[in-house]
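**Q** First the structure, which I've put down as structure tokens, then a few questions once you've had a look.
The values are calculated or read from the model by the stated rules, or taken from the named source; none is laboratory data. For clarity, every value in this text was computed on a predicted model and none was experimentally measured. Every residue, glycine among them, receives a Cβ derived from its backbone with ideal geometry; neighbour counts consider all protein chains shown. Accessible surface is based on the protein model in full, side chains and every heavy atom, while ligands, DNA and RNA are left aside. Shrake-Rupley method; radii C 1.70, N 1.55, O 1.52, S 1.80 Å.
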Amino acid sequence: MITTKSYKQIVPKKEGAPLYSIENYERPSVAADCAVFGIDTVEAESSRFLPSKVLKILLVRRGEEPFAGRYSLPGGFLRRGETIEEAALRELEEEAGVHQPKLIQFGTYSKEGRDPRGWIVSCAFLALTKTVGLATAPGSDAASAEWFSFSFDEENKMITLTGQSGEIIIKTSGGTALENDLAFDHGQMIYDAFMQLRDEVIHHDIIFDLMPEMFAVSELKQPYETITGTSTSPQNFRRKMASKICSTGQFVPTAAHRTSELYRRK
């Protein structure tokens, strides 16, 4: 064990000379990027069927180089005086009009060459929102924002993002995203974010952060199974959730003149 006294003997300090100077080290730029997930309601073509609850992810179309015109996750650079969480929240509001989502940091990306502009380290966040409204602030480096339907092929470990402008495919191998049409290394971020979301839903009930205050069990079942890659009967799912939800005593009309009971998280 090295005591304070022995340390001073080992590392002598010159009078007035600091042991450390920040100027002796190169410093990267720091960015915050966010994988924002939400649940959207897609109405059925016939009133005989229930609306679908669809998992979606938020992408922005870049308005500036590098990768102008390509899609990326919303994000931007850390400003002096901000925390990295504050930077993430600011960028989400500026680029997409997403206000105060739940944030979970899931990774740091620092591989050389990941950004053609230079040495840039990105702190990546999983963000969950209960709304799917969008607005891009004037002056943002994002040209527009769009929600893409998210699906994950369990067998081929492939992500498909479907939006108004078409599909984006992210193929993976051994947990690594292969070359794709997204900007930077955001295909890898999206894969990692989804794996983090899956873990959080299975082990920490974070599915409720994607749901409105009151919901039908069927509305909870669809996104839960999409995220976890599981499938079970309505009866078994209801039993699985019994200890986590409670009835509100309220009912809403559903398909074919039926009603569904509304629940909330305990």
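**Q** Listed residues S173, S151, S110; which is within 18 Å of the chain's Cα centre (by Cα) and either of a type in the set (A, V, I, L, M) or on the phi < 0 side of the Ramachandran plot (or both)?
**A** Result: S151 is the single residue among S173, S151, S110 that is within 18 Å of the chain's Cα centre (by Cα) and either of a type in the set (A, V, I, L, M) or on the phi < 0 side of the Ramachandran plot (or both).
**Q** Taking A68 as the residue in question, decide whether it is open to solvent by less than 60 Å² (accessible area, probe 1.4 Å) and under 18 Å from A143 (Cβ atoms).
**A** So A68 fits the description; yes.
**Q** Within the range 252-265, track down each residue that is at pLDDT below 95, outside any loop (DSSP other than H, G, I, E, B) and surrounded by 11 or more Cβ atoms within 10 Å (Cβ to Cβ).
**A** V252, A255, T259, S260
**Q** I've got another one for you. Right, K221: closer than 30 Å to L92 by Cβ and open to solvent by less than 60 Å² (accessible area, probe 1.4 Å) or not?
**A** So K221 fits the description; yes.
**Q** Right, another one. Please verify whether the range 103-110 includes one or more residues that are in contact with a Pro (Cβ under 8 Å, 6 or more places away or on another chain), open to solvent by 50 Å² or more (accessible area, probe 1.4 Å) and closer than 22 Å to V121 by Cα.
**A** yes
**Q** Just to confirm my filter: which strands (runs of 3 or more DSSP E) fall fully inside the range 51-154 and include at least 1 residues that are acidic (D, E)?
**A** Counting at least 1 such residues, we get 142-153.
**Q** Only one of (1) open to solvent by 10 Å² or more (accessible area, probe 1.4 Å); (2) under 27 Å from I39 (Cβ atoms); (3) of a type outside the set (A, V, I, L, M, F, W, C); (4) in contact (Cβ under 8 Å) with a residue 60 or more places away in the chain fails for E94. Which number is that?
**A** Result: E94 fails condition (4) only.
**Q** So which residues in the range 33-50 are in a strand (DSSP E or B) and either closer than 21 Å to S110 by Cβ or open to solvent by less than 50 Å² (accessible area, probe 1.4 Å) (or both)?
**A** Within the range 33-50, D33, C34, A35, V36, F37, G38, I39, D40 qualify.
**Q** Conditions first: (1) without any contact (Cβ under 8 Å) to a residue 60 or more places away in the chain; (2) over 26 Å from Y224 (Cα atoms). E64 passes all but one, so which condition is the exception?
**A** The failed condition is (1).
**Q** For the structure I just gave you, tell me whether E85 is open to solvent by 50 Å² or more (accessible area, probe 1.4 Å) and in contact with a Leu (Cβ under 7 Å, 6 or more places away or on another chain).
**A** Criteria met by E85.
**Q** Which one is nearest to Q164 (Cα to Cα) among residues in the range 111-147 that are open to solvent by 50 Å² or more (accessible area, probe 1.4 Å) and modelled with pLDDT of 80 or more?
**A** So the residue we want is K130.
**Q** Please list, ordered by residue number, the helices (runs of 4 or more DSSP H) wholly in the range 176-249 having 2 or more residues that are without any contact (Cβ under 8 Å) to a residue 60 or more places away in the chain and hydroxyl-bearing (S, T, Y).
**A** So the answer is 217-228.
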